[in-house]
There are 2 protein chains.
Amino acid sequence: MKRAKSYGRHEDIVLRAHIELSRSLTKIRSKETAWLGDRDLTLPQFGILESLYHLGKLSVGQITKLTLSTPGNITVVVKNLESKGLIKSIPSDEDRRIKILEITEEGSDTMKSIFHEHVANLTGMYDAALNEEEIQILSRLLRKLEKAQ
Amino acid sequence: MKRAKSYGRHEDIVLRAHIELSRSLTKIRSKETAWLGDRDLTLPQFGILESLYHLGKLSVGQITKLTLSTPGNITVVVKNLESKGLIKSIPSDEDRRIKILEITEEGSDTMKSIFHEHVANLTGMYDAALNEEEIQILSRLLRKLEKAQ
DNA sequence: ATATAATAGTACTAACTAGTAATAATGTCA
DNA sequence: TGACATTATTACTAGTTAGTACTATTATAT
């Protein structure tokens with residue numbers, strides 16, 4: 001985005017980096033979203049499904065932390081996943097506040113059939129732009145950025 | 001996120017990078033969102049307001065491209081900004097399909113009073129994690145990634 | 001020890017906002 | 001003038017957030 005005004009030399013560099021961060025993820029996500037849409041899933045739904053697929057049973061609170069989301073948000077997305085029969089929930093015996101979520105056989109089959117291709121899509125997007133060393137550098141810088149927040 | 005399963009050496013590296021990309025932006029955005037929320041703005045609203053503040057009059061279609069959004073989406077966010085009196089719209093004389101958007105004096109005053117601090121916040125977040133050279137490298141890698149999509 | 005109050009943890013509801021797909025309106029050009 | 005392209009809106013679905021309710025834990029008083 002062409003900017004009419006400068007907000008300082010260093011600030012302009014940061015703004016530029018931030019715009020690139022935002023735009024690159026937006027573009028990748030929009031491809032992912034379209035691809036998942038053809039398979040009747042949204043990105044937030046896929047995120048929760050993936051957590052349960054790879055990590056087993058989890059509570060709403062654990063999912064909230066993993067996805068950097070909020071509890072109310074998870075409740076809604078979980079409701080939509082449950083109505084599709086992809087996950088199920090069991091109230092915890094030890095603590096009646098807690099609701100344990102688990103992927104169903106159908107959900108697991110879905111993930112089995114799409115996850116590999118999803119990874120291939122993503123890999124293709126990154127490989128189209130960067131070599132492996134660059135991807136590693138990017139990863140390391142982003143990790144530092146994330147951990148500082 | 002600990003992953004139980006590997007999807008290939010190179011694939012795991014890409015997935016890791018993608019998770020870092022997603023998480024770093026999520027964390028930064030959640031701070032921005034909270035800060036803007038105190039000023040009665042959402043992030044999408046701020047994005048449109050910023051475009052009009054820095055670039056002058058723009059059509060819905062131009063904003064759509066700048067923000068990598070979709071027309072229907074812009075219409076909704078524009079409606080919310082108009083009802084707050086921060087922007088106004090004028091139908092184009094040359095082409096009656098086109099709606100020209102412009103920031104109001106009130107909108108401009110709002111941006112004048114918050115944009116500098118917004119830049120300072122963002123700069124602070126990046127500087128807490130990375131030095132200027134690292135930010136430049138990050139920016140360059142992300143730009144390549146974005147342009148390849 | 002037991003009862004009660006205060007605090008923390010966990011998830012849900014409702015109102016709002018955004019995002020998407022289908023549609024309408026206008027313009028362009030053969 | 002009819003077919004196609006462009007531009008924006010409408011209507012529907014989903015996600016997000018703030019506020020609320022419920023359960024558990026800890027502290028305090030009797």
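The values are calculated or read from the model by the stated rules, or taken from the named source; none is laboratory data. Note that this is a predicted model, so its numbers are computed, not measured. Counting neighbours? That spans all protein chains shown, and the Cβs are built from the backbone with ideal geometry, glycine included. Ligands, DNA and RNA are stripped out before the accessible areas are found, and what is left, the full protein with its side chains, is counted by its heavy atoms. Shrake-Rupley method; radii C 1.70, N 1.55, O 1.52, S 1.80 Å.
A few notes on this one:
- Relative to the other identical copies, A:P44 shows label-point distances of 1.2 nm, where the label point lies 7 Å from Cα along the Cβ direction and values run shortest first.
- Of B:Q62, B:Q45, B:Q136, the one that fluctuates the most in a GNM where chain B has Cα springs shorter than 10 Å: B:Q136
- GNM result for chain A, Cα springs below 10 Å: residue of A:L122, A:L68, A:L15 fluctuating most strongly: A:L15
- Percent RCO, i.e. relative contact order, over region B:9-147, from Cα pairs under 8 Å lying at least 6 residues apart: 19 percent
- Rounded D (µm²/s) - region B:9-147, Kirkwood Rh over Cα pairs, Stokes-Einstein at 25 °C, 0.890 mPa s: 144 µm²/s
- Using a probe of 1.4 angstrom and keeping all protein chains present, the accessible surface of region A:9-147 works out to 50 square angstrom per residue.
- Cβ-vector label at 7 Å, B:G85, separations to other copies in nm: 5.5
- Rounded to 0.05, the FRET efficiency of the A:E106 and B:T26 pair, given R0 = 35 Å and the Cβ-Cβ distance, is 0.75.
- For the cross-link pairs A:K112/B:K5; A:K27/B:K99; A:K27/A:K144, the ones whose C-alpha atoms lie over 19 Å apart are A:K27/B:K99; A:K27/A:K144.
- Straight-line cross-link reach from B:K84 at under 19 Å between alpha-carbon atoms covers these aspartates and glutamates, not counting any fewer than eight positions away in the same chain: B:D38, B:D40, B:E50, B:E102, B:E105, B:E106, B:D109.
- Multiplying the residue separation of B:K147 and B:I13 by 0.36 nm and subtracting their alpha-carbon distance yields 46.2 nm.
- Summarising the rotation from chain A to chain B, the nearest chain A beta-carbon to the axis and its distance in Å are given as A:L25, 3.
- Take A:E102, push a point 7 Å out from Cα through the beta-carbon direction, and compare it with the same point in every other copy: 6.3 nm, smallest first.
- Its DSSP H runs of at least 4 residues, each contributing -39,500 (n - 2.57), put the calculated 222 nm mean residue ellipticity of chain A at -23000 deg cm²/dmol, to the nearest 500.
- Rounded to the nearest 20, the size of the Cβ-charge dipole of the protein assembly as shown about its Cα centre is 20 debye, with Lys and Arg at +1 and Asp and Glu at -1.
- With the simple model of a label 7 Å out from the Cα in the direction of the Cβ, A:A34 to B:K88 spans 3.8 nm.
- Neighbours of A:G85 by Cβ distance under 13 Å: Lys/Arg scored +1, Asp/Glu scored -1, total -3.
- Close amide H contacts of A:L58 (hydrogens built in the peptide plane, cut-off under 5 Å, sequence separation of 5 or more or a different chain): A:L101.
- Where trypsin sites (Lys or Arg not before Pro) fall in DSSP loop in region B:1-80, at most 10 other Cβ within 10 Å: B:K2, B:K5
- Surface calculation, 1.4 Å probe, protein heavy atoms: B:T42 sits at approximately 60 Å² accessible.
- Comparing A:L52, A:L81, A:L25 in a Gaussian network model of chain A (Cα springs below 10 Å), the most mobile by mean-square fluctuation is A:L25.
- Projecting the alpha carbon convex hull of the protein assembly as shown along each direction and taking the average yields 17.6 nm².
- Region A:23-29 - phi-based ³J(HN,Hα) in whole Hz, Karplus 6.51/-1.76/1.60, Gly and Pro as x: 5, 5, 5, 4, 5, 5, 5
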